[in-house]
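Step one of this worksheet: look at the structure below.
What follows is calculated from the coordinates using simple rules that are stated; it is not laboratory data. Computed from a prediction, not measured in an experiment: that's the story for all the values here. Reconstructed Cβ throughout: ideal geometry from the backbone, glycine too, with neighbour counts over all protein chains shown.
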Amino acid sequence: MLRLLYVVILFLAISPAYAADNGGYVGERECYACHKEIRAEYAKDRHGRVFTSAPNGELQARGCEACHGPGAGHIDAVDREDLDLRIQNFRSEKGLPTEANARCLACHENGERGFWKGSRHELSGMRCASCHKIHAEEARPAMEVCFSCHQERRAQLQRTSHMPLREGKMTCNNCHNPHGGPGPSALRQASVNENCYACHQEKRGPLVWEHPPARENCANCHDPHGSNYESLLKVKVPYLCQSCHTTLGSHPRNRYDGANLPVPGTPSTTMQLAGKGCLNCHSQVHGSNHPSGRRFQR
């Protein structure tokens, strides 16, 4: 018993000197002395498995202190019952988000995180820990994380026409990179259309007859987050078409509002078109290679 007590006293006496000579690093055993519940989580999460079994370099070999920084000052602060514990706490509101995120970016700066600097989330002051639970054994579902802030998108997803997120066939991350991207709204591609073409390649073209709104931006007609109209359309056909095609042409544009109805029994273009929609004839609205020409009829 006395021998064990002697060893403990000797260790406590040596630890401050060791920490001072080692840049303030004390080793993860010191952390486990107080944070037993974190140790159990750490053994199961990705960081713990990698840092413990196959650390990549000296930094990862430091275990807890690889992310939380040197622990000597933290231990001294606890002994003084100092509320400012002088250690990197990723969920604390103290300090700038850039300081907390710098720890993560020391390893996670390439690949998916290549556009983080200057991204919408970075500029809004978000921390990596706003979305990621560092000691989690399994990652939270992406949709659950996104909808915790973007609740209006959750509501849109309940509309009758929607992307197959509810069915589990895709997630927000299929179109968006939450760490930033080359396109608007953290899109993975440089433009809205390029993002859509990643799946809808048959709409890409080039086509002999181009439909300018479709070529310019798919979102001119479609709402990708959900709609109560078929095919994610913003407005029901034919009213969507008439938002651009307002001038009189070969048939009246106001045949849907009940105006200028002909005398019963009188032949008219309006009566010939009754009960039909624009897409009955102009079916190739995304563009066409057909000789029928610019009217996108076939």
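Laid out as a table, the results:
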item	result
Mean Cα-pair separation over length for segment 171-245, i.e. relative contact order, pairs under 8 Å, 6 or more apart, %	14 percent
Length-normalised contact order for segment 83-206 - Cα pairs under 8 Å, 6+ apart - percent	22 percent
Set LYS133/LYS234; LYS169/LYS236; LYS169/LYS203; LYS117/LYS169; LYS169/LYS234 screened for pairs whose C-alpha atoms are more than 28 Å apart	LYS133/LYS234; LYS117/LYS169
Mean separation of Cα contacts under 8 Å (6+ apart) over length of segment 149-198, as relative contact order %	17 percent
Neighbour-count ranking [beta-carbon atoms within 10 angstrom, fewest first] of TRP209, TRP116	TRP209, TRP116
Neighbour-count ranking [beta-carbon atoms within 10 angstrom, fewest first] of LYS234, LYS36	LYS36, LYS234
Calculated from backbone phi, Karplus (6.51, -1.76, 1.60) coupling profile of segment 183-189 in Hz, x at Gly/Pro	x, x, 6, 6, 5, 6, 10
